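Got a structure here, written out as structure tokens. Questions coming.
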Amino acid sequence: MIQLKQISMLYDDSAKRKVTALNNVSLQIGKSDFIMITGPSGSGKSTLLQILGCISKPTSGQYFIDGHNVCGMSDREIAKIRNSKIGFILQNFGLMPYRSVLDNVQIPLLFSKNRSISGSVDKCRNSLKKLGMEQLAKRKVWELSGGEKQRVAIARAIVNEPHIILADEPTGSLDPANKEVIMQILSDIHEEGRTVVMVTHDMSLLSYATRVVRLNGGTLSEE
Amino acid sequence: MLKYIFFSLKSLKITLRSTVISFILILITMLMFNSLIVLGQDSTKTSSAFLNMEDVIFLSFSHPKYDPDDLCKSVPNIKAYHKISSNLTDIDTTMCASLYYDKYVLQHFNFDLKNGRMIKDSNEIIITSALGKKYKVGDTVSIMYYTEYQEQKFTEKTVCGVLSNDIVFYSSSFGSEITASEFRVNLDDPDRFIIGNNEGCGFITSDECFENPFETDRSIIFIEPERSDEKSISDLCTALQEFGCVYKGADLIKNAKNNETKNIKDYRTIMIALAILSSVTLFGHYIIDVYRRRNEFAIMYICGAENKNIYAIEIVKMIALVLTASIIGTSLAYLLIQKTQHMTLSPVGISISCGFMLVYILFSMLALYLVTKKEDISEVMKGE
């Protein structure tokens, strides 16, 4: 389903020196995988997730989703993949704080073709209902707790029914109780048949994964 | 597209403080731009019927010993001179400085009939374009006037014509020299007209049904230059200089224009400064706002938006804001100006408003383009 072939990523640091974030990374992710990517800070975990999420383009190598080479696609096609095939969950939630929960969950549907306004609202409500957040639909995001915000972010990630969920340290800002809740939700999403790729520092969460890969200095190794 | 519109309009409500600031700034800019255009028109173009009087000589004097008629008669080659007198009358509850003329003077005015015809009978009246907005040909208007014993009286006249002139003469064309003085009516002239003038209304009607106002010892003599010898006029002017004032029509028009534009120039400087200040603040405010919201654009981007989707959302939001503020600002400018200058809506003003809206939207889109192009989405997401 997802295949990375010899992916390298170089960037210029503040002193204009070339830094290798990823070095010839190859990875194959199947349809029912729950992959955790671990590694020390600066090892290239987030860079890898951004390439998987079609936010950054690799300096070299090839990236295939469902057999299609993403590196050769136009911006429009890539945007369509981000919208329909990928759902993103971020450590700091990535929500618009002054908008309502419903508005935030609705964002991916704004850019999705053939979706009416009433259809969008119904889908958002269903997505929120799945996460037990339906009663908070009209609340502003800034009024919510950290755990609630992350559940809104998950509701937004799954609202357009993507096959791939990419989570960048989703429990990093949460207390242990909420950490547990969020991991259980991600586990449920995986059991529904979605692919979950999660970056984490927290070794206690590795038990949720079906596969664990480790990045060190931009090089990948499977554990 | 409908989804974008809802989302964009919601943005206006969510970022209420920013919306209100932008709205006020656009409003001020449009108000200033349109006021500038209207005031500009006023100082460069006027529809005063008085404009034709450039070559006419006006003599105003109040020497008790001399009768102006006798003085004029004593100078050879002065073949046509006419007297003007004044009184106050009210039309449409507006007090007008009303000057009495004979029919010869009347011919020198630049009257331009838009509807109807000239006066044929003493019960008829011609009104200026400003009054024509309220009355039409065939309507009856009421005029209040004072008799020589200061007794208040009313008379009714039927509108027989509407002029395309907005005003009869500039409010300050005679200034204190004439309108504030008292003039003697030429009682011997059986064919007198009265012209009422004020900002916002004006009229011409026959003097026949008015009772004679009281006589004064001050007169204005109006000399027709084309029927009099130039040297004789010059001699007469010199002879009368010590008894009163001699005005050339051209000077009166020039003074009038100067008087009108003197205050306008001060206003214009303030307006230009305000227009520039509000425009610059508006653009600055938008650039800061866009920079502040770059996380919002990054969120849209990771949720599958292309840059063109983000522009579309911003354009819808901006058009709604700019259009509303511009319409209110432009209307407000014309309403305020009309109160004092009775100007009409100008196509130039509307074009400038549309131009400003377009420039603002284009500049704002440029700012948005630069922010979204330069910003690395992944960096923005990390920095949250």
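The values are calculated or read from the model by the stated rules, or taken from the named source; none is laboratory data. The model shown is predicted, which means the values in this text are computed figures rather than measured ones. Every residue, glycine as well, gets a Cβ built from its backbone with ideal geometry; the counts of neighbours run over all protein chains shown.
Taking the conditions exactly as written (facing chain B (nearest Cβ under 10 Å) and farther than 28 Å from B:Ala312 by Cα), does A:Gln135 satisfy them or not?
For A:Gln135, the condition - facing chain B (nearest Cβ under 10 Å) and farther than 28 Å from B:Ala312 by Cα - is not met.
Do you know which residues across the stretch A:49-107 are polar (S, T, N, Q) and closer than 22 Å to A:Gln6 by Cβ?
A:Gln50, A:Ser56, A:Thr59, A:Ser60, A:Gln62, A:Asn69
Only one of these conditions is not met by A:Ala21: (1) aliphatic (A, V, I, L, M); (2) over 23 Å from A:Gly193 (Cβ atoms); (3) at pLDDT below 90; (4) outside any strand (DSSP E or B). Which number is it?
Answer for A:Ala21: the failing condition is (4).
Which of (1) under 30 Å from A:Gly218 (Cβ atoms); (2) within 12 Å of chain B (Cβ to nearest Cβ); (3) surrounded by 22 or more Cβ atoms within 10 Å (Cβ to Cβ) does A:Glu77 not meet, given it meets every other one?
For A:Glu77, the exception is condition (3).
Of the residues B:Met53, B:Met32, which is modelled with pLDDT of 70 or more and either part of a helix (DSSP H, G or I) or under 23 Å from B:Lys248 (Cβ atoms) (or both)?
It is B:Met32.
If you don't mind, there's one more thing I want to ask. Evaluate the stretch A:148-156: report whether one residue or more is within 11 Å of another protein chain (Cβ to nearest Cβ), modelled with pLDDT of 90 or more and out of contact with any Phe, Trp or Tyr (no Cβ under 6 Å at 6 or more places or on another chain).
Initial filter on the stretch A:148-156 (within 11 Å of another protein chain (Cβ to nearest Cβ)): A:153, A:156.
If we keep only those that are modelled with pLDDT of 90 or more as well, we get A:153, A:156.
Now restrict to residues that are out of contact with any Phe, Trp or Tyr (no Cβ under 6 Å at 6 or more places or on another chain): A:156.
Scanning the stretch A:148-156 turns up at least one residue that is within 11 Å of another protein chain (Cβ to nearest Cβ), modelled with pLDDT of 90 or more and out of contact with any Phe, Trp or Tyr (no Cβ under 6 Å at 6 or more places or on another chain).
Hey, another quick one. When both residues are 6+ apart or on different chains and their Cβ atoms are under 8 Å apart, which pairs have a first residue that lies in the stretch B:132-147 and is at positive phi, and a second that is surrounded by fewer than 19 Cβ atoms within 10 Å (Cβ to Cβ) and assigned to a strand (DSSP E or B)?
From residues that are at positive phi, the pairs are B:Gly138/B:Thr158.
Continuing with the same structure: Of all residues in the stretch B:1-26, which are crowded, with 20+ Cβ neighbours inside 10 Å and more than 14 Å from every other protein chain (Cβ to nearest Cβ)?
Those that are crowded, with 20+ Cβ neighbours inside 10 Å and more than 14 Å from every other protein chain (Cβ to nearest Cβ): B:Ser22, B:Leu25, B:Ile26.
Provide a single number: the residues in the stretch A:48-69 that are within 14 Å of chain B (Cβ to nearest Cβ), within 11 Å of A:Ser8 (Cβ to Cβ) and touching a helix residue (DSSP H, G or I) at 6+ places or on another chain (Cβ under 8 Å).
1
Moving on to the next point. Starting from residues that are modelled with pLDDT of 90 or more and more than 8 Å from every other protein chain (Cβ to nearest Cβ), keep the ones in the stretch A:87-99 and report whichever is surrounded by the fewest Cβ atoms within 10 Å (Cβ to Cβ).
Ranking the candidates gives A:Ile89 first.
Matching residues to (1) within 12 Å of another protein chain (Cβ to nearest Cβ); (2) at pLDDT below 85; (3) under 30 Å from A:Lys85 (Cβ atoms); (4) assigned to a helix (DSSP H, G or I):
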residue: B:Thr281; (1), (2), (3), (4): no, no, no, yes
residue: B:Lys308; (1), (2), (3), (4): yes, yes, yes, yes
residue: B:Thr324; (1), (2), (3), (4): no, no, no, yes
residue: B:Lys339; (1), (2), (3), (4): no, yes, no, yes
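So, one more: Exactly one condition in (1) in contact with a helix residue (DSSP H, G or I) (Cβ under 8 Å, 6 or more places away or on another chain); (2) in a loop (DSSP other than H, G, I, E, B); (3) away from chain B (no Cβ under 14 Å) is not met by A:Ser43; state its number.
Looking at each condition in turn, A:Ser43 falls short on (1).
Now for a different question. Between a residue in the stretch B:294-306 that is within 7 Å of chain A (Cβ to nearest Cβ) and any residue that is of a type in the set (S, T, N, Q), which pairs come within a Cβ distance under 6 Å, given they are 6 or more apart or on different chains?
B:Gly304/A:Asn83
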